[in-house]
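A.B. asks: Pasting a structure here, questions to come.
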Amino acid sequence: MIWSWEYTLEILPKLAKASIVTIEATLLSFAIAAVLGLVLALLRMSGRTVGWLTAAFVEFVRSTPLLIQIFFLFFVLPNAGIVLDAFPAGIIMLSLHYACYCSEVYRAGLEAVPRGQWEACTALNLSSWSTFKNIILPQAIPPIVPALGNYLVALFKDTPLLSAIAVPELVQTAKDLGTENFRYTEPMTVVGLTFLIMSLVSAAGIRWVERRLNRRSAR
């Protein structure tokens, strides 16, 4: 099929609009996943029963395909009376899925902080919350930023799975355009290039954050 620049320029506004949906889904899901992942990590490192149950949940989510989870939430749960729109359902499942991955990153970072830091803060009569917030967490975060950044890029590239429940993100929009005109080359190529550019920009942003945190830690 011959490439048509005229058709490409014609579909760009629709794809640009869809890219906003993709970016919103990525940023919102990752923000939730980053916070929930820390909560899961702390629960897993707590008491034996809570830690075991949290570990079982995390491993279950990480060991099942994200697409199946999205389908289950959107198509199966309505049978139990839980009905969600496509976009919120996608955000919930992306957030939960990646929160489980982020929790392992947080756990590795927290466990890398020497235990003596806790003991020293206890000797100084600092509260557990103050110790965690002001001493432990600032030491644990900088080394794990690259790993968290990798999951941000991976999440961004997983947003096309939301097309399975008709969320109008980039890939779904490209498929719709292809169906209308039986021309898939231009929309899919533009979508692929868009994902490449956005992934490179995200990676550059992650490296910038990593450098800033390392400089701050070195002071």
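Where a number appears in this text, it was derived from the coordinates with a stated rule and is not lab data. Small disclaimer: the values here were computed from a predicted structure and weren't measured. Methodologically, a virtual Cβ is constructed for each residue, glycine included, from the backbone with ideal geometry; neighbour enumeration extends over all protein chains shown.
A.B. asks: How would you rank 178-184, 29-35, highest first, on the average number of other Cβ atoms within 10 Å across their residues?
C.D. replies: Numbers: 178-184: 12.4, 29-35: 19.3.
The packing order, highest mean first, is 29-35, 178-184.
A.B. asks: So what's the angle, to the nearest 10 degrees on a 0 to 90 scale, between helix 185-218 and the longest Cα principal axis of the chain?
C.D. replies: Result, in degrees: 20.
A.B. asks: Another question, if that's okay. Restricting to lysine pairs 8 or more places apart or on different chains, what number in segment 5-218 have Cα atoms under 24 Å apart? Don't skip to the answer; put the middle values down first.
C.D. replies: Numbers: Lys14/Lys157; Lys14/Lys175; Lys17/Lys157; Lys17/Lys175; Lys157/Lys175.
Pairs that pass both the separation and distance tests number 5.
A.B. asks: At 222 nm, what helix-only mean residue ellipticity would the chain give, in deg cm²/dmol to the nearest 500, using -39500 (n - 2.57) for each DSSP H run of four or more?
C.D. replies: Numbers: 9 runs with 169 residues, N = 219.
About -26500 deg cm²/dmol.
A.B. asks: Right, next: Among Ala89, Phe72, Trp118, which residue has its Cα furthest toward the positive end of the charge dipole of the chain, with +1 on Lys/Arg Cβ and -1 on Asp/Glu Cβ?
C.D. replies: Towards the positive end, the residue furthest out is Trp118.
A.B. asks: Just the Kirkwood number for the chain, please: inverse of mean 1/r across all distinct Cα pairs, in Å, one decimal. Walk me through the numbers on the way to the answer.
C.D. replies: Values: mean 1/r = 0.0509 Å⁻¹.
By the Kirkwood definition, the hydrodynamic radius is 19.6 Å.
A.B. asks: Turning to a different aspect of this structure: Please get the size of the charge dipole for the chain, origin at its Cα centre, with Cβ charges of +1 on Lys and Arg and -1 on Asp and Glu, quoted in debye to the nearest 20.
C.D. replies: For this selection, approximately 960 debye.
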